[in-house]
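Rule-based calculations on the coordinates, nothing more; no lab input. It should be emphasised that the depicted structure is a prediction, and the values quoted were computed from it without experimental measurement. Cβ sites come from the backbone with ideal geometry, for glycine too, and all protein chains shown count toward neighbours.
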Amino acid sequence: MKKFYLTLAAVAALTFASQAQTEKGKFVVGGGLGFDTESVKDTDVKYNSFNIMPSAGYFVSDNIAVGVGLGYQWNKSEYDAEASITEQAKSSFTVAPFGRWYSANGPVRFFGQLSVPMSWGNQKVNDEKTADISNYGVELAPGIAYFPTSKIGLEFKVRGLYYNARTSDPVGDAPKTTVNTFGLNANSLAPTVGVQFYF
């Protein structure tokens with residue numbers, strides 16, 4: 001009987017701790033950071049990329065938050081010295097407003113996030129600007145959040161349903177091009193893993 005009461009107390013403590021973090025008036029802070037590098041052995045071919053995307057949200061009502069992410073991304077490809085193009089780099093600034101809904105209270109919750117990512121930047125070849133690049137999109141992403149404490153949420157999220165319009169406006173007389181992408185990416189074997197902080 002004593003063991004039963006201890007178990008009941010532990011479950012109650014976890015449930016109580018998990019109820020505090022998504023109430024109206026609370027904040028959620030998180031974001032992403034990434035770096036990749038790749039090189040081909042015995043050649044000058046290299047690829048590097050970097051991105052950072054901090055985000056912050058405010059709970060306008062219980063279990064519903066709105067917020068924005070602000071970020072920067074950069075990538076650079078280097079080719080063989082004999083190639084006519086030896087270097088290509090892209091950089092852009094990103095703004096991503098979002099809205100997020102959480103399921104009912106508990107240490108494990110489902111959530112859905114609707115975001116509108118937008119970015120503006122340029123492309124350079126051999127350190128000379130060749131085009132302005134912009135992206136406008138919308139994403140609906142499902143996920144699961146586990147709250148080990150009332151201040152920390154561990155998240156597993158897939159990209160879900162998305163649409164993106166990428167426009168490239170070359171320097172000079174070359175025509176502007178827009179590429180539209182629409183898809184559904186729900187690969188549960190490769191989720192995005194993250195940590196959010198609630199206060």
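Under a Gaussian network description of the chain, with springs only between Cα atoms under 10 Å, the residue in Asp36, Asp132, Asp169 that fluctuates furthest is Asp36. Scaling the Cα radius of gyration of the chain by the globular reference 2.2 N^0.38 Å produces a ratio of 1.32. For the chain, the tally of Lys pairs with Cα-Cα distances below 12 Å comes to 6, considering only residues 8 or more apart or on different chains.
Scanning residues 5 or more positions from Val158 or on other chains, those with amide H under 5 Å from its amide H are Thr192, with H placed 1.01 Å from N in the peptide plane.
Remark: Glu23, Glu139 ranked as Glu23, Glu139, counting other beta-carbon atoms within 10 Å and listing the fewest first.
Is there a quick way to get the dipole size of the chain? I mean about its Cα centre, with the Cβ of Lys and Arg at +1 and of Asp and Glu at -1; what is the value in debye to the nearest 20?
1340
In the chain, the DSSP-assigned H stretches of four residues or longer account for a calculated mean residue ellipticity at 222 nm of -3000 deg cm²/dmol, using -39500 (n - 2.57) per stretch and the full residue count as denominator.
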